[in-house]
Structures are given as structure tokens and as C-alpha cells.
Amino acid sequence: MRLGSVTLLAALFGLIWGGVWMVLTSLLMMLVTGMIVVPTIGAAALSGLMIALCLIFLGTSSRGRAKLGILAALASIFLILISGFQPFSISLGEALITQVISLIIWSALVIGSLALCFAGYEAGSAKRYRIEVMLIRLFKGMGLLLFTVLVALPFYVMVMTSLKSQQSLLANPLDFSIDLSSGLSVLFRSYIELFTQFHFATFLMNSAIVSVVTVMVTLFFAIPGAYAVARLRFPGQLFLSRSILLIYMVPAIVLVIPLYAIFSQLGLRDSLIGLLVVYPATTIPVALYMLQGYFRGLPPELEEAGLMDGLSRWQVITKITMPLALPALASVSLYIFMIAWNEFLFAFMFLDDFQIFTLSRGVVSLNSSEVPRQHLMAGSVVATVPVLVIFLWFEKYLVSGLTAGSVKG
């Protein structure tokens, strides 16, 4: 194979992936073990360069599991040698097993990343298209990796901190490892105290009630409203369909003060009913906008056939339109539920009695010097996990509903 732009580009990929994965592997090692490590980025980049050149010169047809395993072992040994037997800036004799496992993970990640970038590569090929494909794969991988780290790292730190004791947090704030030898009651002590001492069962119930009722009220008004905008003809229809989201041009903080004064006079300020007035008012516009696009994509002939068979307009909506729009209704319901579940500003301003706190308001009440940090993190986990599980469970409806409405509308 001749040395060319593709080979030089592959070498650059090796330098990048070797250094990036060393940083992330060191970070993972530090989070899991609590050890203070410093990544040897230069040595890892050179080792990644060696891996890239080996993969390039081996060729696509020569890559097998056995050869990749040998290459991973050689890369780890090479990294150990050029780092002075300190691949993580600590002596190799200290935590030997942990460092070996970390090196195996690093080499596997580097080889896997480079193999994906070089997939379909033919020796000697130096066409512009091949270079562009490799660059796109690199940028795609880096973007995906960055997004994953930004999402997973805070959640990992939050969960691990919630499982720590006050003494361990004070001894080493950077140690996010967990001790399973103390038993489950000690491990989940923060969660037990949340529900026994900080009324989090009440907060969960309040958030569930507010979120579910908000979804029901929003759909009750949004479904006929979206259907009217999508199907019926009336003066101002075009203006209404385009101005539905104008309410979102007004920041919520601007509305809080007048609403606070009005609700105080009406006796709605320190009650869940006040939230059940405000939340649907903010979610109905976005529900109208999402549903009207989906309703426009449904075949109007089905509704016309129902009207010819003697069905009323409301019966057409309930018996024909709504069953066909179940993916859109599911996605809108999930979106509204997440908005109501995570809303904080209005709950913080309107609620004073802890017996009616929503979950977001209850979590903020833990943010004080008198409450240990692990309880705050445990409260954040309790607030995050339910909506995360619901989102993952209904994710297929969310995607199908959003895409169908946007394309067909």
C-alpha cells in the first residue's frame, strides 16, 4: 500500500482516538475506584497512532478477532513502555488489576472506534469520497461520544453521591465508588430517609396528580381545538393556526408576578388547583400545534364517510380521528406529562405548604446547609427516574407522533 492522504488521515485518527479514550478511561477509573489519576495523553495518542497504522496495513480482510486481540495486547504493552510503566501517572504496581482492566478497556475502545472509521476501507484507495466518509465517521463518533458523556456523567455522579455516607463524602469528595459490604439498608439510607423524614411520598403523589390531570385537561381542550383548526373552515383559521405558539414568546418569569397577585386575591396561590390552572394554559398551545399537523395528515375521506353514515362531528372525532391519531396522542401526552412533572418556577412561587409540594419544589427544599448533600442527590434521582422510565417506555410513540405530524402536516 502506498503512503497517501488516507494513511496520514488514519494516523491522525489514531492520535485523536488514543488521546480521547485515555482521558475518558482515566475519568471512569477515577470515578469507580476513587483513585486520583492523571491520563498520559501523549503516550496514549502515540499508541493510538500505532493501532491505526496496524489496522490500515493489515487491510479489511485480515482483521479477525484473534489479530485484534493481539493488537490490543501489543498496544497496551506499548503504552506501558512509552509511559515509563505509569500509564495512568501512578506506579504500575499500585492497583495492578485495576490498571490492567482499564488498559484493556482503553485498547478495546480505541480499536473499536478506529475499526468503525475504517470500515469498508480498501488498501491503496485515496479517493476524495473515502476521505470524506472517514471524516464524517470521525465527527459523528466524536459528537455521539460528547453527547453521551454530557448526559451520563452528571447522572452517574448524582446516583453515586446519593449512595454515599456523609463521612465518605467529607473524606474524599471525588470518590464515587460504592461500598457493598455495609448492606442495602446503609447503602440506600438516603432514599429511606427521604420517604420517612422528608415527605417525598407526598411529593411524588402531588406531582403524579398534577401531571396526570394536566394531561387530561390539556387533551380535553387540545383535541377538538386542533381538529377545528385542521379540518373546519372559519374566519381567522390561518391566523389562529400560525399564532398558536405566540404565548411562548412571553417568558414565564414575566407572567409569575401578575399571576401571583391574582391567585393571592382568589385564594388559589397555595393550592394545587392554582397549578392546575396555570399548567394547562402553558401546555394547550403546544398540544394544539402538535396535533393539528397530525390531524391534517389523516385521510379526510374516512371522516366524510362517517358523516354520511349519520355520525355527528364529535362522534367522528372520538370514533375515527382519535383511534387513528393514537401515536400522536401518546407523544403529546408524554410531552405534556414531562413538562408538568419537571416544572419548577410556578411551583416555587405559588406553593408554601410542604404538604402540597410537587417533586421539583420538594427537591429544592433539600438544598440547605442542614440537609446532607447525598439527600439532595437522592431527591434528584427520585425526581428523574420515573419520568426517564416513562420516556423510554413510550419513546417509540414520541418519535412516530412527532415525525408523522411534521411530515404530513
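In the chain, helical runs assigned H by DSSP with n ≥ 4 each contribute -39500 (n - 2.57); averaged across all residues and rounded to the nearest 500, the mean residue ellipticity at 222 nm is -24000 deg cm²/dmol. For Trp314, neighbours were defined as the other residues whose beta-carbon sits under 13 Å from its Cβ, and their charges (Lys and Arg +1, Asp and Glu -1) total +2.
Taking trypsin sites (Lys or Arg not before Pro) as exposed when their DSSP state is a loop state and no more than 11 other Cβ atoms lie within 10 Å, the longest site-free interval of the chain runs over 234-409. Here is what passes the span test in the chain: the DSSP H helices with alpha carbon length of 18 Å or more along the helix axis and a Kyte-Doolittle mean of 0.0 or above are 5-33, 41-58, 65-82, 96-118, 128-162, 200-231, 252-266, 272-297, 326-342, 373-393, 395-408. The value given for the chain is a Kirkwood hydrodynamic radius of 26.1 Å, derived from the mean inverse Cα-Cα separation. Measuring nothing but how far apart in sequence close Cα pairs (under 8 Å, 6+ apart) lie, relative to its length, region 10-49 scores a relative contact order of 62 percent. Pairs of Cα atoms nearer than 8 Å and 6+ residues apart set the relative contact order; for the chain it is 18 percent.
Computed from the C-beta positions of Phe344 and Leu53 and an R0 of 51 Å, the FRET efficiency is 0.45 to the nearest 0.05.
Which part of region 93-121 falls in the paramagnetic zone of Arg137, meaning amide N under 13 Å from the point 7 Å along Cα-to-beta-carbon? Answer for this model: 111-121. Local charge sum around Val381 (other residues, Cβ-Cβ under 14 Å, Lys/Arg +1, Asp/Glu -1)? Counting the neighbours of Val381, the net charge comes to +2.
Computed from the C-beta positions of Ile262 and Ala115, the FRET efficiency with R₀ = 56 Å rounds to 0.35.
Taken together, the values in this text are just the output of simple stated rules run on the coordinates, not laboratory data. Model, not experiment: these values are computed from the prediction. Every residue, glycine as well, gets a Cβ built from its backbone with ideal geometry; the counts of neighbours run over all protein chains shown.
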